[in-house]
Each structure stands twice: as structure tokens, then as C-alpha cells.
Amino acid sequence: MSNFQAKNEKTLKRRSELAHIVRTSKQTDFQSVSIETLPSKQNHLSHPKSTKIQSKPIVPPRNTRQKPSTSLRTIPPPVTPRTIFKNKTETRQLPIPAPREKSYTNDENNTILTQLPPSTTVVQSIKLISSSIDSKNDALAEQKLPTRQPQGESTPYTSGLCGLNNIGNTCFMNSALQCLSNIPELTKYTQNYQLESSVQTTDITHVYTTLIQSMWSGKNKTVNPRNIKTVVSRSAPIFADYGQKDSHEFMNSLLNALEQSNFAPIISKLFHTHMQSQVTCLGCKSINTTDETTTFLPLPLPRETSSIKEILLEDLINDYRSEENLDGLYYCQSCSNYTQAKQKTIICSPSPPVLIIQLKRFPFDGTSSKIDTFVHYKLQYQNLISNNDIYQLCAISSHQGSLASGHYTTLARNYQTKQWYLFNDDHTKQIHPNEIITSHAYVLVYLKVNECDSTLL
């Protein structure tokens with residue numbers, strides 16, 4: 001029993017000493033402390049009963065007012081949001097004016113642009129501009145020609161009194177188009193022509209019909225003929241560039257292109273002139289006849305001299321039909337010999353409803369010279385081509401200047417107003433009848449009254 005009590009006292013003593021050490025460690029700030037080694041069975045014989053061991057601090061000092069952190073990572077304190085104080089000065093917002101629309105005219109494209117309201121965002125502006133560009137491209141694809149209308153004018157324009165934009169040395173084309181536009185039967189046919197949905201917008205029929213219908217709609221002051229130039233250039237590449245060209249040559253090329261389309265019946269009906277070329281062999285007196293069909297009558301002009309100041313149109317036609325000697329030798333198939341021969345041209349009946357006369361002022365002899373001989377023509381002729389025919393003048397293509405540098409205009413009679421007008425590219429104006437006869441006449445367009453329009457007289 002004594003041994004059991006002795007062991008029990010030792011155990012209680014160790015527990016008391018251990019509790020004392022724990023209480024002491026809490027009260028110190030991790031400074032050096034003396035710890036008395038507890039006796040154990042293993043080291044009871046080798047160590048003295050009370051041994052003092054100097055220990056070093058193992059952690060940095062901490063603030064005892066705060067609870068010890070359970071994590072080794074330092075967590076920063078939360079950021080206090082910055083308080084923004086409003087300015088006590090009172091500001092008044094100026095009233096925003098109501099958006100207003102203002103129209104501008106783009107002279108290059110003859111289109112109307114609308115100013116965007118100030119509230120429109122950049123993205124919306126880009127969309128609106130892109131939509132405007134797409135609409136313009138679609139209009140070009142559909143051959144819808146741009147128009148130019150003065151603001152504040154609600155009354156329509158006179159039908160047919162429509163100018164054509166000069167897109168670069170294209171006065172020759174504008175003059176030719178205005179001549180054809182003022183041929184009543186051709187224009188009426190074009191206005192009533194129904195375009196098929198299957199016809200391509202680049203087809204000559206579609207392009208010419210759209211152009212004439214725009215010119216005679218009474219809604220346009222000017223239109224752009226760029227598309228007609230592009231289409232004609234396919235069959236006549238000479239017009240592909242923007243150099244100075246011949247108005248009669250363009251008119252003839254356009255009629256040939258229309259004759260290859262759905263307009264063939266009306267072109268052949270109005271413009272075809274049937275002629276015969278007769279060559280007489282002076283050796284065997286045999287006559288060789290060749291049939292010809294043309295859309296115009298080319299009349300050579302004599303050069304102006306001291307004795308020749310002017311010449312009558314009917315005299316030029318008679319000279320054209322008179323017999324003359326051929327230059328050089330002619331091979332006759334009847335006698336199989338090269339001999340001298342004579343040739344004459346016969347204009348067959350019936351005479352054409354539309355007679356296009358070219359006054360050959362440009363000899364094309366390698367020079368830029370021009371024959372300025374004055375040709376006296378009348379507004380109306382009887383028996384000009386054959387007996388009992390009546391022709392009345394409806395259009396004139398005029399040329400001023402030389403072959404190298406000149407300008408084309410048109411004088412034409414509007415079959416609705418019965419008035420004469422000057423067409424100078426995109427400018428038009430009414431003229432006095434005394435201004436119709438001019439020394440600059442190059443192409444004359446006459447109408448056979450009893451077949452084309454009985455209301456012309």
C-alpha cells in the first residue's frame with residue numbers, strides 16, 4: 001500500500017507541474033522560460049531532479065488582444081468603397097433642339113442625301129449609309145436612272161423636255177439620243193413597250209426603254225445615259241472609251257443594236273430605206289443591179305469656194321441619185337473584161353417613214369478638216385424622194401468646231417407641245433423658229449407626215 005500511495009503522489013505531482021507550465025506559457029510573451037524536466041522512468045537515474053533548459057522563441061510576437069489566426073496566410077482588410085460627393089452647385093441642362101432634316105444635292109450623282117438627326121449613333125449612321133449605298137447599287141442594276149428635281153416645284157416637267165448628263169466627251173451620244181427621242185412613232189412604241197421579267201437589265205431593249213420612259217415621264221429634268229453607252233459599246237467597241245466620237249455613227253450603231261433585239265419590227269418599219277445600185281458596163285452595155293438596205297442617206301458635200309457659198313438639200317439628193325463615172329476599171333462579169341463603167345443609186349418606193357440624212361462634213365482623209373459649206377434645208381418638203389411624199393423636219397444634230405475639237409447639240413420639235421427646243425447636254429430651252437436653220441447642221445431627221453404623225457402639219 002505504501003508503494004501505491006508513493007506512485008500516486010508522484011503522478012499528481014507531475015500533473016500539477018505540467019499545469020503550472022501551461023499557465024506560465026500563456027502569461028509570457030514567448031520569452032525565454034525555464035522548464036523543469038519531469039522525472040521519468042528512463043531518465044530518472046541520468047538527469048538531476050531539477051534541470052533548467054533555455055529555449056528560444058519559435059514564433060514572432062503577436063498582439064494578445066486579438067485571437068490567434070487559424071491560418072498562416074494574411075488576409076488583407078476589405079477595401080472601403082470611395083464615396084463620391086455630388087457638387088452642390090446646381091447646373092441646368094440646355095434644351096436640345098428638335099432634330100431637323102436638311103436635304104443636300106449631290107451634283108455628281110444627282111441624288112438627294114438626308115442629314116442624320118443628332119441622336120443617331122455611329123452604328124446606326126453606318127447602317128443607314130450602307131443601306132443608302134445598297135439602294136443606289138440596286139437602282140443601277142435595275143437601270144433606274146437618277147433624277148434631279150428643283151426643290152419647291154410640284155408641277156411636273158414637260159414630257160420629252162429632259163436633258164442628258166455629259167459623262168465625259170459624250171455630247172455626240174446625247175445629241176443622237178435626243179434626235180431619236182423626238183421621233184414620235186418610235187417614242188410612242190417605246191413608252192407602251194412592256195418589259196418582260198425574264199429580260200436582263202443589261203439588254204439593249206431594257207436599257208433603251210427605261211431611258212426613253214424616264215425622259216418622257218414628265219418627272220425628270222435630266223437623266224444619266226451611262227447604261228446605254230455601255231450596252232452600245234459591246235457591239236461597237238469604238239464607243240468604249242471617252243474620246244470624241246461622231247453622233248451619226250453612234251445613232252447608226254444604236255439602231256443596228258435595236259434591230260438585233262425585240263425592236264426589230266419597229267426599226268425596219270420606220271428606218272429601212274431600200275435602194276438599188278446599178279452599174280453599167282461601157283463596153284457591153286450590160287447592167288449589174290445590187291439591192292441595198294440602209295437606215296440613212298449619206299450626202300457628200302462640196303467644199304466651200306468663192307463660187308460655192310451654199311447648196312440646197314434637194315440638189316444634194318439629186319446629185320446622190322445621178323449617174324457618175326466610176327474611178328478606175330470595173331470588171332464586167334458579162335463580157336469578162338476590165339472596162340470603164342458608170343454607177344447610179346435608185347431610191348426605191350415606198351419611201352421610208354423616217355428619213356435620216358447625213359451631211360458628210362468630215363471627209364476622213366487623214367486630216368481634221370471639216371467642210372463648212374452651208375446647206376440650206378427646209379422645214380417641210382414635198383416630192384423630196386418620190387412623187388407625192390411630204391416630209392417634215394423633226395430633229396437636227398449640229399456640230400460646232402473641228403473634227404479634233406468640237407461640240408454636238410440638238411434642235412428638236414416636241415410632238416406634244418409642237419415647239420422647237422435646244423438640247424445642249426443637260427440644258428434645254430425653247431428656241432425661235434428662225435434659229436432652226438443653221439450652218440452647223442450635220443444630221444437631219446425628217447418624218448413622212450402621212451405615215452408617222454398626221455398632226456405634225
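The values are calculated or read from the model by the stated rules, or taken from the named source; none is laboratory data. Remember, predicted model here, so these are calculated numbers, not experimental data. No Cβ is skipped: glycine too gets one built from the backbone with ideal geometry, and neighbour counts run over all protein chains shown. For accessibility, only protein heavy atoms count, side chains too; no ligands or nucleic acids. Shrake-Rupley method; radii C 1.70, N 1.55, O 1.52, S 1.80 Å.
Details
- Summing +1 for each Lys or Arg and -1 for each Asp or Glu among the other residues whose beta-carbon sits under 11 angstrom from that of Leu299 gives 0.
- Sparsely packed trypsin sites (Lys or Arg not before Pro) within segment 298-358, loop by DSSP, other Cβ within 10 Å at most 12: Arg303, Lys309
- Segment 271-278 - phi-based ³J(HN,Hα) in whole Hz, Karplus 6.51/-1.76/1.60, Gly and Pro as x: 10, 5, 10, 8, 9, 10, 9, 10
- Accessible surface computed residue by residue for segment 339-457, with neighbouring protein chains in place and a 1.4 Å probe, gives 43 Å² per residue.
- The heavy atoms of Ser334 present about 90 square angstrom of accessible area, all protein chains included, probe 1.4 Å.
- Listed peptides 259-272, 409-422 appear in the order 409-422, 259-272 once ranked by packing, highest mean of other Cβ atoms within 10 Å at the front.
- In a fully extended conformation the segment linking Lys344 and Leu329 would gain 3.8 nm over its present Cα-Cα distance, using 0.36 nm per residue.
- Around Ala441: net Lys/Arg minus Asp/Glu count, Cβ-Cβ under 14 Å: +1
- Highest to lowest packing among 179-190, 322-333, scored as the average C-beta count within 10 Å: 179-190, 322-333
- Filter on Lys309/Lys378; Lys309/Lys429; Lys188/Lys360 - keep pairs with C-alpha separation over 19 Å: Lys309/Lys429; Lys188/Lys360
- Positive contributions from Lys and Arg (+1) and negative ones from Asp and Glu (-1), summed over other residues with Cβ under 13 Å from the Cβ of Lys309, come out at -2.
- Accessible area of segment 279-365 belonging to carbon and sulfur atoms, whole % at 1.4 Å probe: 47 percent
- Cα centroid of segment 314-350 to Cα centroid of segment 238-300, whole Å: 18 Å
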